[in-house]
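First comes the structure, then the notes that go with it.
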Amino acid sequence: MSMRFDMVVVGGGFAGVYQLHRAREAGLKVLLLEAGSDIGGTWFWNRYPGARCDVESLDYSYSFSRDLEIEWEWSERYAPQEEIQRYIRHVADRFALWPDIRLRTRVQGARFDDETSLWTLTSVAGEAFTCRFLVMATGGISLPQAPQLAGMERFAGEVHHTAQWPDHPVDFTGKRVCLIGTGSSGVQLVPEVAKTCARLTVFQRTANFSVPAHNVAYTPVSLAAAKARYPERRAMGREAITGQFLNANTKTAAEMTEDERQAELEYRWKGAGGGFRMLRTFADQMSNIETNRLVADFVRSKIRAKVKDPRKADLLCPKPDLPFGGKRLCVDSNYYETFNLDHVDIVDVKATPIQSVTANTLRTTEAEFPCDILIFATGFDALTGALLAMDIRGAKGASLKEYWADGPLTYLGLTASGFPNLFTITGPGSPSVLSNVVHSIETHVDWIMRLVQTMRERSWTRVSSTAQADASWARRCSDEAAKTLYPTASSWYMGANIPGKPRVFLPFVAGVPVYRRAIEAVEANGYEGFEFV
Ligand code: N01
């Protein structure tokens, strides 16, 4: 027996929780399904030591309620995982969302009925849920991936993935730890593990750039001062490429003198800057390879200054073929400094690949490393992974997996032709992972709700983008990406971390304001590119 709703939302992170709130406010009968035992999404699953957001707390938070903004007290410039999860739970409490949230319910598939224009979802446990509107709030970075290592079944120690971290503390005291992966998760975890372990060996395939966070605790005075300017801060964020204020330099490198360029680089590296501000050092750094090299060389010189052992420093410096920011920039607190500790070492697994695992070691082609705890910080099947992990069948039984076989086809990153009344929040083809994702989530949910309201007012039962609209949006996405250096990097933005995944630049790169204007223009033009029944 299937339970019937106006809307079902899949996923209980920032996106799902806001979607649920807005749908309830609009009077819809709505249900949120979440696979985990709690809400929080990313911030529920990625609870490894050192996990914190590298978008500033005051930006990485909902803007829809001024009261919520005022009453919530962020403790630090970059909030730790536990605090962000507590914040999402607070939002669910404050807006009384819990009655419409169903935890421990993993969706296996969804099928559209051509006769009734309704979706039926099925859970792994075999339950069924029927709805008119189906919103996938499944997250862009939510399906973990790890390599299959020969001999894993023999390994006698603990094994953890950063995105499936246990809810009890992992004790590293006196342990020999092997950690694979040096993206944002690995970079945050390394300094924490090093504090207590006997030996930490980091297995790196590609060195990426990391910049100092300069995290600081808020004082009551500094937080109150920041909050007093909240409306202004949000307004600046809305007009910034990444949906957060980064004090972007509007000048290209060529428009500045050498002294001005150095001063700009130092400002962004040091305390007044920090974090993603380094991505906005020069207006043309993601489109002009020479300008990009200025930033890359500067950061490499800082890495060399921090890491005393020249062998380790060489390994930690990204190679010249990787543009700065081409792979998602990491933001750290003491990552490079940790390699100055005698018990922490780095191994280049491109030069000496990992071959196998024994009961208590990890073997590369050159050496064997004792291992009590093995950690995978090896990332995710991003943007399409979580959606395609479900069997989604649209009109006439069409399979989303087949429709996206050569890469995702969406209209505005929000819908896919042949999958009526199905919406993806921060899906492929939207700024999503290139933006302050909470800002992008609010933009998407508000847009979806305006469309749903319009349909309800006009008694329309079915909306779908046309195949032509999807194709032209996909072209626009790749044309925008081709104007930048992003596609030159082997990144998860390109699907390059997943064997066999089509190489397509997955997010929309032209920025949050351009994107918002595009989706608002479609709406103003009577939903051009959509067909209604
Ligand atoms: O994953 P990643 P992540 N053998 O894919 C390596 C967000 N995030 O979990 O580069 C050996 O970035 C892989 O090597 P390579 C953020 O958007 C945010 O760290 O593919 N190594 C890479 O070094 C981030 O970008 C925050 O050659 C293997 C690493 O594993 C995204 O999530 C914190 C391998 C994976 O890096 C993902 O970050 C954390 C193999 N077989 C995450 N397979 C904050 O807000 C993969 N690797 C702070």
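Odds and ends about this structure:
- Complete set of residues in the stretch 283-328 that are of a type in the set (A, V, I, L, M) and in contact with a Pro (Cβ under 6 Å, 6 or more places away or on another chain): none
- Check on Leu31, of a type outside the set (Gly, Ala, Ser), open to solvent by 10 Å² or more (accessible area, probe 1.4 Å) and touching a Phe, Trp or Tyr at 6+ places or on another chain (Cβ under 7 Å): yes
- 2 or more residues open to solvent by less than 50 Å² (accessible area, probe 1.4 Å) and within 16 Å of the ligand (Cβ to nearest atom): qualifying strands (runs of 3 or more DSSP E) within the stretch 286-379: 330-332, 344-348, 354-357, 361-364, 373-376
- The lone criterion from (1) in a loop (DSSP other than H, G, I, E, B); (2) closer than 24 Å to Gly379 by Cβ left unmet by Glu528 is number (2).
- From Phe5, Phe14, residue being under 20 Å from Val107 (Cβ atoms), aromatic (Phe, Trp, Tyr) and open to solvent by less than 20 Å² (accessible area, probe 1.4 Å): Phe14
- On inspection, Leu451 passes the criterion of being closer than 18 Å to Ala23 by Cβ, assigned by TED's automatic domain parsing to the domain that holds Gly12 and crowded, with 21+ Cβ neighbours inside 10 Å.
- Filter result (aliphatic (A, V, I, L, M) and touching a residue at least 40 places away in the same chain (Cβ under 8 Å)) within the stretch 446-484: Ile448, Met449, Leu451, Val452, Met455, Val463, Ala467, Ala469, Ala471, Ala474
Listed here are the residues, each with its yes/no results for (1) in contact with a helix residue (DSSP H, G or I) (Cβ under 9 Å, 6 or more places away or on another chain); (2) closer than 28 Å to Asp38 by Cβ.
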{"residue": "Glu127", "(1), (2)": "no, yes"}
{"residue": "Thr130", "(1), (2)": "no, yes"}
{"residue": "Pro144", "(1), (2)": "yes, yes"}
{"residue": "Phe155", "(1), (2)": "no, no"}
{"residue": "Ala163", "(1), (2)": "yes, yes"}
{"residue": "Thr196", "(1), (2)": "no, yes"}
{"residue": "Val202", "(1), (2)": "yes, no"}
{"residue": "Val221", "(1), (2)": "no, no"}
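- Residue within the stretch 277-284 that is open to solvent by 30 Å² or more (accessible area, probe 1.4 Å), among the acidic types (Asp, Glu) and outside the structural domain of Cys53 (by TED's automatic domain parsing) present: no
- One residue from Pro487, Pro499 being without any contact (Cβ under 8 Å) to a residue 24 or more places away in the chain, closer than 22 Å to Thr291 by Cα and within 16 Å of the ligand (Cβ to nearest atom): Pro487
- Flag if Leu362 is in contact with a Ser or Thr (Cβ under 8 Å, 6 or more places away or on another chain) and at positive phi: no
- Qualifying residue in the stretch 386-405 (condition: polar (S, T, N, Q) and either outside any strand (DSSP E or B) or at positive phi (or both)): no
- Residue match in the stretch 139-152 (condition: away from the ligand (no atom under 16 Å from the Cβ) and either assigned to a loop (DSSP other than H, G, I, E, B) or surrounded by 17 or more Cβ atoms within 10 Å (Cβ to Cβ) (or both)): no
The values are calculated or read from the model by the stated rules, or taken from the named source; none is laboratory data. On a predicted model such as this, the values are computed, not experimentally measured, just so you know. A quick note on method: Cβ atoms are made from the backbone with ideal geometry, for glycine too, and the neighbour counts reach across all protein chains shown. For the accessible areas, the whole protein counts, side chains as well, though only heavy atoms, and no ligand, DNA or RNA atoms are used. Shrake-Rupley method; radii C 1.70, N 1.55, O 1.52, S 1.80 Å.
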